[in-house]
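The values are calculated or read from the model by the stated rules, or taken from the named source; none is laboratory data. Keep in mind it's a predicted model, so treat the numbers as computed, not measured. Here Cβ is always computed from backbone atoms with ideal geometry, including for glycine, and neighbour counts include all displayed protein chains. Ligands, DNA and RNA are excluded from the accessible area calculation, which covers all protein heavy atoms including side chains. Shrake-Rupley method; radii C 1.70, N 1.55, O 1.52, S 1.80 Å.
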Amino acid sequence: MSLTLLNFHALRNLRPVEMTPSSHINVISGANGSGKTSLLEGVHILGMGRSFRTRQLKNAIQTDEPYMTLYGRLSGEPEVTLGVRRLRAQRELELRLKGDKNARLAELVEAMPLQLINPDAFRLLEGSPAGRREFLDWGVFHVKHDFLAIWKRTRRALKHRNALLRRGRILPQEMAVWEHELALWGEQMDSLRRAWFSDFLPVFEETLKVLLPLPGLSLHYARGWDKDRTLATVLHDSRPTDQQMGFTQQGPQRADLRIRINKQPAVEVLSRGQQKLVVSALKLAQGRFLERTAQRHCIYLIDDLPAELDEQNRYQFCGLLEDMQCQAFITSVEPSALKNAWRTDSPVNMFHVKHCKEGFSGLEKVS
């Protein structure tokens, strides 16, 4: 599965883009500020319904344009079409999948599995648990088909319990109903997460060994509450303190992935380059695991791959990408930085983003 066509209109500073990418490696070069990252952002919005650069999607719409339109085609028999339109004056996205105007965001995400490796990816190590939960749940969502329904029920129960905790006076019977729901679905969510993690861990360790052998590095799953007690017991016993705090302190919403080196947080031990390789191993392992378990391929968006990696590490990284046979969109200020990163028989498509008149940029394929 790969993108065979991209059409972007009114995306940031880019002139209308029509791109026919390679099904494998696509390197996009250009000066700083030319629009390389905007191309990756467009693919990300098309597949995820949100930007990795701004929380306000209207900020990605070209100045003085009333709306932005993103369109793509995925290989297959038949091909799958995807579309996203965002009006400046309208918060909701207009989504299309296979011509269906009533497509849901979850269907779009499932149709085009994406992994992003950019400077923000360091948050997997140094950021809050929320980013690591998102990484965890992305993996479970794509291989456990009942996960989304369980996740929604868990979230609904948590929302109602928190609302009751913030209320001045709690009715025990009402609280018991939502604690039962939260315990029921939260335990099931944990079961799916644990099963996924158990299968994912060897793939991550294998991937890291290729990129950067790190004796002593460990990856652990923490479910978010006392491992020796049921969630129902924890919720019941913590009700008084939860009421004081105004929210549920333990549960699946507190799950985390803990990355350590000899029992110390990895982010406090590793250099910046080592951190990038560990994060890259996590992201590449997601794709490799998806290939093995679901026979599907990720599309990778990799912003400024050469940054913080020496020539040998670039070669190792690019070798893994080639072996995976996935589609990748890679940006680099200097295309020469990746000149020796590929094997001689590897087909690499080269694109260049250059500044045009009036502050806009255009995309051209390099022969």
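Among the residues of segment 205-226 satisfying the criterion of being in a loop (DSSP other than H, G, I, E, B) and aliphatic (A, V, I, L, M), which is surrounded by the fewest Cβ atoms within 10 Å (Cβ to Cβ)? Even if it seems obvious, please write down each step before you answer.
From segment 205-226, those in a loop (DSSP other than H, G, I, E, B) are 212-216, 223-226; that's our starting set.
Keeping just the survivors that are aliphatic (A, V, I, L, M) gives 212, 214.
Numbers: L212: 20, L214: 18.
The extreme case among them is L214.
Considering segment 294-318 alone, what residues qualify as being in a loop (DSSP other than H, G, I, E, B), open to solvent by 40 Å² or more (accessible area, probe 1.4 Å) and of a type in the set (D, E)? Spell out the reasoning first.
Of segment 294-318, the ones in a loop (DSSP other than H, G, I, E, B) are 295-298, 303-310.
Next, only the ones that are open to solvent by 40 Å² or more (accessible area, probe 1.4 Å) stay: 295-297, 304, 308, 310.
Within segment 294-318, D304, E308, D310 meet the criteria.
How many residues does segment 323-359 hold that are of a type in the set (D, E) and either open to solvent by less than 10 Å² (accessible area, probe 1.4 Å) or at pLDDT below 80 (or both)?
2
Given the condition out of contact with any strand residue (DSSP E or B) (no Cβ under 9 Å at 6 or more places or on another chain), assigned to a loop (DSSP other than H, G, I, E, B) and either open to solvent by 10 Å² or more (accessible area, probe 1.4 Å) or in contact (Cβ under 8 Å) with a residue 12 or more places away in the chain (or both), answer yes or no: does some residue in segment 276-293 qualify?
No.
Report whether or not A106 is over 29 Å from G76 (Cα atoms) and not charged (D, E, K, R).
Here the answer is no, as A106 does not meet what is asked.
Do the conditions hold for N32, that is, is it in a helix (DSSP H, G or I) and either without any contact (Cβ under 8 Å) to a residue 40 or more places away in the chain or under 23 Å from A337 (Cα atoms) (or both)?
no
Looking at (1) at pLDDT below 90; (2) surrounded by fewer than 17 Cβ atoms within 10 Å (Cβ to Cβ); (3) among the hydrophobic types (A, V, I, L, M, F, W, C), which one does L5 not meet, given that it meets all the others?
Status for L5: all satisfied but (1).
Based on what the data block shows, is L182 open to solvent by less than 30 Å² (accessible area, probe 1.4 Å), in contact (Cβ under 8 Å) with a residue 40 or more places away in the chain and in contact with a Gly (Cβ under 7 Å, 6 or more places away or on another chain)?
Numbers: open to solvent by less than 30 Å² (accessible area, probe 1.4 Å): yes; in contact (Cβ under 8 Å) with a residue 40 or more places away in the chain: yes; in contact with a Gly (Cβ under 7 Å, 6 or more places away or on another chain): yes.
Yes: the conditions hold for L182.
Can you tell me which condition E268 does not meet? The list is (1) touching a residue at least 24 places away in the same chain (Cβ under 8 Å); (2) out of contact with any Ser or Thr (no Cβ under 9 Å at 6 or more places or on another chain), and all the others hold.
Of everything listed in (1) touching a residue at least 24 places away in the same chain (Cβ under 8 Å); (2) out of contact with any Ser or Thr (no Cβ under 9 Å at 6 or more places or on another chain), E268 misses just condition (1).
Conditions first: (1) within 30 Å of D323 (Cβ to Cβ); (2) within 19 Å of the chain's Cα centre (by Cα); (3) of a type outside the set (F, W, Y). S75 passes all but one, so which condition is the exception?
The failed condition is (2).
Restricting the search to segment 158-177, which residues are of a type outside the set (D, E, K, R) and closer than 18 Å to M245 by Cα?
If the condition is that a residue be of a type outside the set (D, E, K, R) and closer than 18 Å to M245 by Cα, then L158, H160, N162, A163, L164, L165, G168, I170, L171, P172, M175 are the ones that fit.
Which of the residues spanning segment 227-249 are open to solvent by less than 60 Å² (accessible area, probe 1.4 Å) and not in a helix (DSSP H, G or I)?
S238, G246, T248
What number of residues in segment 319-354 are within 18 Å of T4 (Cα to Cα), assigned to a loop (DSSP other than H, G, I, E, B) and among the aliphatic types (A, V, I, L, M)?
So the answer is 0.
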